[in-house]
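Engineer: Below you'll find the structure I mean.
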Amino acid sequence: MRTIATAPDKRYPDVWRRRSLRETVTGWLWTAAIAFAAAWSVSALDIEWAFFVDAHEQALDLAQRMWPPRWSYLPVIVRPLIETIHIATLGTMIALVLSIPLAFLAARNTTANGFTWAIGRALLVASRSVNTIIWGLVFVAIFGPGAVAGIAAVAARSVGFLAKLVAEAIEEADRGQIEAIEATGASTAQVYLVGILPQVMPVLIGTTVYRWDINVRESSVLGFVGAGGIGLYLYASINQFAWQQVLVVLAAILVIVLVSEAVSAYIRARIS
Amino acid sequence: MAGVLPADAARENSRGALLAVEALTKVYPGGQRALDGVSLVVERPEIVAIIGSSGAGKSTLIRCINRLVEPTSGQIWLGAAEIVGVSRRELRRLRRRIAMIFQEFNLVERLTVMENVLSGRLGSVGFFASAFRRFPPQDIAGAYAVLDRVGLGGYHDTRADALSGGQRQRVGIARALMQNPDLLLVDEPTASLDPKTARQIMRLIRELATERRRPALVNIHDVALAQSFADRVVGLKSGRVAFDGPPSALSAETLTEIYGAEDWSQTIRRADDETEGRQ
């Protein structure tokens, strides 16, 4: 082997390793901890393993009871399907209107002071931490069963979702554009309206359409708690063991979910 | 230089100045003393170029005048009105008389040219009028006229983010003119533009300030451009006024005083050759 004219460079070690010994040990300890957590969860849940033995037979049996779908049920569920979409749409629209002031309240750069910011954040968390179906239970108790409770439930859950993302967009808005409007002597409300709102418009439209798409899916089970829509028919069919009807309802829900997802994707792709 | 018109006389303060900055000091929260007792009196509608190296306080000075940056101490008089001590409400009224043109143009990118130009009138319309873009007919007519004047006739419905840098700065100038301001603050108007566009924009700012007989304070780091287009040059160094005089008085020595040692012969000769726009 030819030696190169310089002396061997001893500034660097001969072997290079990506991780130090300490990092390797830490990595293994984390892996062991996660495995332990999984094992603990399984043992704590008291899972009846016997049910797994014939699970495939049960699944096949259910599929056979569902087939063929009872298409004669379809005309019955057309109206509740449309009602489901109306619940999602109206709920999203109400949430959109409410989310704009809430977003300005919950964004650090537009809220009046620390107290108003805390109120804004608390409203966001309250709206977001309760599932739509739980909101449904609450509003059925208030408005009674029906679509109104469903609309209120969708709006209550969505307003926090929309306001959180819009508030983040407000915090990231370009300072220069805001300054330029401030420098004209515009009022604070006008600065928000002309300097900030156009900047967050793509986020506002994009998240609203995306939330509408989610709401179509969530509205399909709101009927389980009596809050209107197709869910009531799905729930009733399951309780009657009318599996051939259940398949028709599931297929119908699949179709409207696919359509809403396509509409949502198309609109979001066109925002600029 | 054109004399002061009677209309301007009413706006002068007791000492006859259109703008008077007195012992203005700005210390940033970090302790950095950006302005250290700057005094500056503008008595005529003239173009005042403010030069100085980065960090000398040029931007801070301009931004203190409309209080986008809050001064630490000192006074600023716009005619008879003092700016530093007033409430936010009164400040908004004073800001309507002071228009600003920015280095990064700061147009609201997703709005059209017309909406951006009309935003110069926000101070004179209410919230719902601005929400539904219902501006008075004279504002609309004024906006079309100003767009023609800055060479953007026909662009009113184009969105700001579809324009080139030079076009955007013209919209920025149009927005400033819509305020019908008593004072123009111009913060590095050409730093984001190519050399040719930079000269066109400086020429436009000069022409418009002259036409309307309004003073303009222009931050500019290009000494040659400052000499070509300004009536007066103020040099800032470490937050203090290091030079205040006509462009012709700028020498290699004064530039060294402002910026530090450098070979200034090219800079000064080029400026002399290309002086323009001054009567």
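Engineer: Looking only at residues that are in a helix (DSSP H, G or I) and among the hydrophobic types (A, V, I, L, M, F, W, C) in segment B:137-165, which one is nearest to B:Glu104 (Cα to Cα)?
Structural biologist: Restricting attention to segment B:137-165, the residues satisfying the condition of being in a helix (DSSP H, G or I) are B:137-149, B:160-162, B:165.
When the remaining residues are screened for being among the hydrophobic types (A, V, I, L, M, F, W, C), the result is B:140-141, B:143, B:145-147, B:160, B:162.
Numbers: B:Ile140: 25, B:Ala141: 27, B:Ala143: 21, B:Ala145: 24, B:Val146: 20, B:Leu147: 19, B:Ala160: 13, B:Ala162: 15 Å.
Top of the filtered list is B:Ala160.
Engineer: Could you count how many residues in segment B:168-177 are away from chain A (no Cβ under 11 Å) and either touching a Pro at 6+ places or on another chain (Cβ under 7 Å) or not hydrophobic (A, V, I, L, M, F, W, C) (or both)?
Structural biologist: 3
Engineer: Can you name the number of the only condition in (1) surrounded by 16 or more Cβ atoms within 10 Å (Cβ to Cβ); (2) away from chain B (no Cβ under 14 Å) that A:Ile142 fails?
Structural biologist: Among (1) surrounded by 16 or more Cβ atoms within 10 Å (Cβ to Cβ); (2) away from chain B (no Cβ under 14 Å), A:Ile142 violates only (1).
Engineer: Still on this model: Identify the residue in segment B:61-107 that is of a type in the set (D, E, K, R) and part of a loop (DSSP other than H, G, I, E, B) and, among all such residues, is farthest from the other protein chains (Cβ to nearest Cβ). Working first, answer last.
Structural biologist: Quick first cut of segment B:61-107, residues of a type in the set (D, E, K, R) only: B:63, B:67, B:70, B:82, B:88-90, B:92-93, B:95-97, B:104.
Within this subset, residues satisfying the condition of being part of a loop (DSSP other than H, G, I, E, B) are B:67, B:70, B:96-97, B:104.
Numbers: B:Arg67: 9, B:Glu70: 13, B:Arg96: 4, B:Arg97: 8, B:Glu104: 5 Å.
Here the residue is B:Glu70.
This table checks each residue for (1) more than 18 Å from the chain's Cα centre (by Cα); (2) over 22 Å from B:Leu40 (Cβ atoms); (3) at pLDDT below 90.
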residue: B:Val186; (1), (2), (3): no, no, no
residue: B:Ala198; (1), (2), (3): no, yes, no
residue: B:Ile201; (1), (2), (3): no, yes, no
residue: B:Ile220; (1), (2), (3): no, no, no
residue: B:Phe229; (1), (2), (3): no, no, no
residue: B:Gly239; (1), (2), (3): yes, no, no
residue: B:Ile258; (1), (2), (3): yes, no, yes
residue: B:Glu262; (1), (2), (3): yes, yes, yes
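Engineer: I would also like to ask the following. Going by the structure shown, is B:Gly165 crowded, with 17+ Cβ neighbours inside 10 Å, in contact with a helix residue (DSSP H, G or I) (Cβ under 9 Å, 6 or more places away or on another chain) and either more than 30 Å from B:Val84 (Cα to Cα) or within 10 Å of another protein chain (Cβ to nearest Cβ) (or both)? Even if it seems obvious, please write down each step before you answer.
Structural biologist: On the way: crowded, with 17+ Cβ neighbours inside 10 Å: no; in contact with a helix residue (DSSP H, G or I) (Cβ under 9 Å, 6 or more places away or on another chain): yes; either more than 30 Å from B:Val84 (Cα to Cα) or within 10 Å of another protein chain (Cβ to nearest Cβ) (or both): yes.
When the stated conditions are applied, B:Gly165 does not pass them.
Engineer: Here is a further query. When you check B:Val38 against the structure, is it out of contact with any Phe, Trp or Tyr (no Cβ under 8 Å at 6 or more places or on another chain), within 14 Å of another protein chain (Cβ to nearest Cβ) and surrounded by 22 or more Cβ atoms within 10 Å (Cβ to Cβ), yes or no?
Structural biologist: Values: out of contact with any Phe, Trp or Tyr (no Cβ under 8 Å at 6 or more places or on another chain): yes; within 14 Å of another protein chain (Cβ to nearest Cβ): no; surrounded by 22 or more Cβ atoms within 10 Å (Cβ to Cβ): yes.
Taking the combined requirement at face value, the residue does not satisfy it.
Engineer: Does A:Ala186 satisfy the condition of being under 24 Å from B:Leu91 (Cβ atoms), touching a strand residue (DSSP E or B) at 6+ places or on another chain (Cβ under 8 Å) and within 14 Å of chain B (Cβ to nearest Cβ)?
Structural biologist: It is false that A:Ala186 is under 24 Å from B:Leu91 (Cβ atoms), touching a strand residue (DSSP E or B) at 6+ places or on another chain (Cβ under 8 Å) and within 14 Å of chain B (Cβ to nearest Cβ).
Engineer: Looking only at segment B:108-129, which residues are within 9 Å of chain A (Cβ to nearest Cβ), β-branched (Val, Ile, Thr) and surrounded by fewer than 24 Cβ atoms within 10 Å (Cβ to Cβ)?
Structural biologist: B:Val125
Engineer: Here's a follow-up. Hey, among the residues in segment B:228-250 that are free of Cβ contacts under 8 Å to residues at least 60 places away in the same chain and polar (S, T, N, Q), which one's surrounded by the most Cβ atoms within 10 Å (Cβ to Cβ)?
Structural biologist: Per the stated criteria, the residue is B:Ser228.
The values are calculated or read from the model by the stated rules, or taken from the named source; none is laboratory data. None of these values were measured; they are calculated from a predicted model. Cβ atoms come from the backbone with ideal geometry, glycine included; neighbour counts cover every protein chain shown.
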